[in-house]
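Shown next, in structure tokens, is the structure this report addresses.
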Amino acid sequence: MPKSEDLITQPAASIRFNRLRLGILILGLLVVGAFAASSAYDAGRAYRNALAATDREIGNVAKALAEQTAWTWQGIDLLLRDTARWYRNDSSKVPPERLDEVLANRTAGVGQVRLITIVDAQGIQRHRSRGSSPPNFDVSDRSYFTAQRDGTAAGLFMSEPLITRSENRAAVILSRRLNGDKGEFAGVITAIVDLEDLEQFYGSVTLGEGSATQLLRDDGTLLVRNPAAPEAIGKIFHGLVATSNAPAIRLGSSIDGRRDFIAVARVRDTPLVLTVTREESVALQPWRDEAARLAARTILVTVLGLAAIAALWRQLGRAERGERALRASEERYALAMEGANEGHWDWNLETDDLFLSSNFKILEGQGDDQLATTRAAWYAKVLIHPDDRARLDAATNDHLEGRTQGFECEYRVEHRNGDWHWLLARGRCLRDAAGKPYRFVGSAIDVTAQKQVQADKEHLEAQLRQSQKMEAIGTLAGGIAHDFNNILGAILGYGELAQEHAVEGSALRRYVDNVMHAAGRAKVLVDRILGFSRSGLGERVHVHIQSVIEETLELIAASLPPNIRLEKKLDAGDAALIGDSTHLHQVVMNLCTNAVHAMEQGGTLTVLLERVRMIEGRLLSRGALTSGTYARLVIEDTGPGIPPAVLERIFDPFFTTKDVGEGTGLGLSLVHGIVTDIGGAIDVKTTAGNGASFEIWLPIAAEAGKPAVETVRELPRGHGETVMIVDDEPMLVALAEEMLAELGYEPLGFDSSRAALQAFRAEPARFDLVLTDEAMPDLVGMELAREIRRIRPDVPIILMSGHGGVPLANRAAEIGVNEVLHKPLQRGDLAESFARNLRSIQ
């Protein structure tokens, strides 16, 4: 029989077991109850958050759209004010038939304005920026007119929604009063804002399902709604404007009949109100979904809790052991995931043991077979860039000593193939209760590609700044060259006439020859400046690359010093580019001249030309190449090379290292401008003491044969044809008259373009050809040519310009100009041009 103490022990154990089971049950029920209460609280909080989020979202959207609308209305008002001021003060300077065109130009920058109209004091529309006003188009009964006429509108007036009579489109019209010289009413200027355009503007803002945007007048009149509600436009909805600038509230919308949240914002400085609404069912749907999820979760937890309580007393011990193991596994997993990105490490600071993931060792360039059991062994083995080692040590020490919250450092490591890779390392250390670090974990990623992209971006930005600087200086230089051309034209023209009349061998002839020589040098300088500024006249034709370079090298070889040897290898075949052969000649001549000047003690000038097929794009020191076929021109010298400080500025306009009077500083800047203009690029390579190499990459456009050699022939002469000469410089007019008279023409000069036009209108059949300058104060050359073409379409017209280029030639051709000549002109230019154009009409 069992002993009595055993009997006592068994009930006691049973009681203890029952108490433990009861305690577990009570605890479990309390936990489930607490979870249910927490879910109810979360549901309530989610409801309040949904209301607050809806209020905040549609309120912010309403304010933002109201502010944007205010800026739009302010811009329209500014347009009306400025146009009204212009119409009052300056419209008389514009021909009446061009007023509509001027209004259209002023309206072009304001996308919300469909058109601007000007209405006189009787309500008759006189001008409009789009289309033409119907005869006697009366708007005197419109509210925007009567309000301004009767003085009931203070400044800007906005009409009710209406249908425009001229275009039959729904719109609102903004108007301002036009006053006469004495302040009397002189009419109104209006801006028509198309409601369809406003609908598209607000329609571009995506608000989500169940949301709508309304633009109303402050009396509740609906102007625009998105999504569209055509039947409601123009109706009054007081409920949508009664809660301006208040928190979003719920109300039954009188537009679609649904219960909506509404946020109202007044449009600053306008009689407008902008409202944003959202259906209550849509706004609260996330809360309903969250409440359903919380309810399902509570039920599931309750069921699982009860099941767990029923089984917990049988598995308590095993559960405790399993939970302990699970917690350790979760901690290890959490630390690994926190530090893991590409590769990660785990460093025990107390023992110096170091764990490196396989990816981390590969990133460090050691390979997965390299093992480092301690941090000291790893640090001695990894190849960190000398410039980065101190920064890495400093970042590590700062974090371990508590000066930084986290560890972050970029450094370079060398891989087995000799390449340097950038790594970005991040991590943190774990500390004990005393704040002493005992564990350091982190991760690293390879950011080499990002570093390269950043470097390329900085390089391109530097090139852009350089290009903008050169363009600005080129524009200034081109303007100066243009003005100098008129002076130079007179010097060359009269010098050429003096040369012909001076006796050969006389002192006077010698003086004139010297003047012509100096003027020729000035003309070359002006041509360089115009070429640099891209304002010179350069035809776009197929240029045989190799033949131009061969001709240039023949000229250079004839003037080389005895101690400089020319080596060349030209192998581009019949490759041709689209451009001007003179420009290509200038590129080769300037680069070779610079190379010769760099070899003061003698040396070798090497010129190579070859075809190169680029499979992929490539970034050069000046420009970038895309895939395609190029002619690669290399010009090398054996001089002392280019110092780094000079290399950065060699393409700057007017920068030169030569003594005063020996260089203009335009050579390389001209080369850069020409190569860039034809779509090429430049690469400069230099080493101190080993000379410099310029690589010019020229895009090949086609194949072309070598050009035929032109024969010198006598200048063609006229046969008494009457030529009209127009130039605002009287000296150039007189010069042209003398030149043409000697060439056999009957010249008639004018120093006023308007006087010339009057003479042509009086006797259009008298003139066989018209020669006119472009830049003139009264009527520019192309406008004069356009008027002459209207009077007599068949007369040849030749335009002169000292600052034109291909764009000017294209515009001139569109209005019927036969040819554009580049100033300064000489007899040969005029004789050849006149012969071509007079022959074409015979």
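The values are calculated or read from the model by the stated rules, or taken from the named source; none is laboratory data. All figures in this text were calculated on a predicted structure; none of them were measured in a lab. Glycine also receives a Cβ, built like all others from the backbone with ideal geometry; neighbour counts cover every protein chain displayed. What goes into the accessible areas is simple: the full protein's heavy atoms, side chains included, and nothing from ligands, DNA or RNA. Shrake-Rupley method; radii C 1.70, N 1.55, O 1.52, S 1.80 Å.
Got a sec? Which of 207, 198 is out of contact with any Phe, Trp or Tyr (no Cβ under 7 Å at 6 or more places or on another chain), at pLDDT below 85 and crowded, with 20+ Cβ neighbours inside 10 Å?
Working: 207 fails: crowded, with 20+ Cβ neighbours inside 10 Å.
Matching residue, one of 207, 198: 198.
Which one of 742, 787 is out of contact with any His (no Cβ under 9 Å at 6 or more places or on another chain), open to solvent by less than 60 Å² (accessible area, probe 1.4 Å), within 30 Å of residue 714 (Cβ to Cβ) and among the acidic types (Asp, Glu)?
Working: 787 fails: within 30 Å of residue 714 (Cβ to Cβ).
Checking each option against the conditions leaves just 742.
So, of the residues in the range 612-636 that are modelled with pLDDT of 90 or more and of a type outside the set (Val, Ile, Thr), which turns out to be surrounded by the most Cβ atoms within 10 Å (Cβ to Cβ)?
First, the residues of the range 612-636 that are modelled with pLDDT of 90 or more: 612-613, 629-636.
Checking the rest, the ones that are also of a type outside the set (Val, Ile, Thr) come to 613, 630-633, 636.
Working: 613: 9, 630: 23, 631: 23, 632: 17, 633: 26, 636: 22.
So, considering only residues that are modelled with pLDDT of 90 or more and of a type outside the set (Val, Ile, Thr), the one surrounded by the most Cβ atoms within 10 Å (Cβ to Cβ) is 633.
Among the candidates 723, 733, single out the residue that is assigned to a strand (DSSP E or B) and buried (at least 16 other Cβ atoms within 10 Å of the Cβ). Walk me through how you get there before you give the answer.
Details: 733 fails: assigned to a strand (DSSP E or B).
Only one candidate qualifies: 723.
Taking the options 570, 525, 584, name whichever one is aliphatic (A, V, I, L, M) and at pLDDT below 80.
Working: 570 fails: at pLDDT below 80; 584 fails: at pLDDT below 80.
Only one candidate qualifies: 525.
Mind checking which pairs have a first residue in the range 714-733 that is under 22 Å from residue 774 (Cβ atoms) and a second that is hydroxyl-bearing (Ser, Thr, Tyr) and crowded, with 16+ Cβ neighbours inside 10 Å, Cβ under 6 Å, 6 or more apart or different chains?
Within 6 Å, the pairs are 723/745; 726/753; 726/772.
Would you mind stating whether residue 82 is touching a residue at least 12 places away in the same chain (Cβ under 8 Å) and in contact with a His (Cβ under 8 Å, 6 or more places away or on another chain)? Give the steps one after another, and end with the answer.
Working: touching a residue at least 12 places away in the same chain (Cβ under 8 Å): yes; in contact with a His (Cβ under 8 Å, 6 or more places away or on another chain): no.
Judged against the criteria, residue 82 is not a match.
Looking for something assigned to a helix (DSSP H, G or I), open to solvent by 20 Å² or more (accessible area, probe 1.4 Å) and closer than 22 Å to residue 495 by Cα - is there at least one such residue anywhere in the range 806-827? Write out each step before concluding.
So the first thing to find is which residues in the range 806-827 are assigned to a helix (DSSP H, G or I), and the list is 806-814, 827.
Now narrow it down to the ones that are open to solvent by 20 Å² or more (accessible area, probe 1.4 Å): 806-807, 809-811, 813-814, 827.
Applying the additional criterion that residues be closer than 22 Å to residue 495 by Cα yields 827.
Looking for residues that are assigned to a helix (DSSP H, G or I), open to solvent by 20 Å² or more (accessible area, probe 1.4 Å) and closer than 22 Å to residue 495 by Cα, one finds at least one in the range 806-827, hence yes.
Could you list, in sequence order, all residues of the range 210-222 that are part of a strand (DSSP E or B) and open to solvent by 40 Å² or more (accessible area, probe 1.4 Å)?
Of all residues in the range 210-222, those part of a strand (DSSP E or B) come to 211-217, 221-222.
Listed by number, the list holds a single entry, 217.
Would you be able to say whether some residue in the range 138-146 is over 26 Å from residue 235 (Cβ atoms) and not in a loop (DSSP other than H, G, I, E, B)? It would help to see each step written out before you state the result.
Kept after step one, since they are over 26 Å from residue 235 (Cβ atoms), are these residues of the range 138-146: 138, 140.
If we keep only those that are not in a loop (DSSP other than H, G, I, E, B) as well, we get 138.
So far as the range 138-146 goes, yes, one or more of its residues are over 26 Å from residue 235 (Cβ atoms) and not in a loop (DSSP other than H, G, I, E, B).
Quick check: anything in the range 676-697 in a helix (DSSP H, G or I) and acidic (Asp, Glu)?
Of all residues in the range 676-697, those in a helix (DSSP H, G or I) come to 676-677.
Narrowing further to those that are acidic (Asp, Glu): 677.
Yes, that holds for at least one residue.
Name the residue, out of 316, 363, that is out of contact with any strand residue (DSSP E or B) (no Cβ under 8 Å at 6 or more places or on another chain), of a type in the set (A, V, I, L, M, F, W, C) and modelled with pLDDT under 80. So that I can check it myself, show each step before the final result.
Details: 363 fails: out of contact with any strand residue (DSSP E or B) (no Cβ under 8 Å at 6 or more places or on another chain).
The match here is 316.
For the list (1) over 33 Å from the mean Cα position of the chain (by Cα); (2) in contact (Cβ under 8 Å) with a residue 24 or more places away in the chain; (3) not in a strand (DSSP E or B), I need the number of the one condition that residue 583 fails.
With (1) over 33 Å from the mean Cα position of the chain (by Cα); (2) in contact (Cβ under 8 Å) with a residue 24 or more places away in the chain; (3) not in a strand (DSSP E or B) applied to residue 583, the lone miss is (1).
Tally up the residues in the range 151-187 that are basic (Lys, Arg) and part of a strand (DSSP E or B), please.
Counting residues in the range 151-187 that are basic (Lys, Arg) and part of a strand (DSSP E or B) gives 2.
Please work out which one of (1) open to solvent by 30 Å² or more (accessible area, probe 1.4 Å); (2) over 41 Å from the mean Cα position of the chain (by Cα) is the condition residue 153 fails and give its number.
If we test residue 153 against (1) open to solvent by 30 Å² or more (accessible area, probe 1.4 Å); (2) over 41 Å from the mean Cα position of the chain (by Cα), just (1) comes out false.
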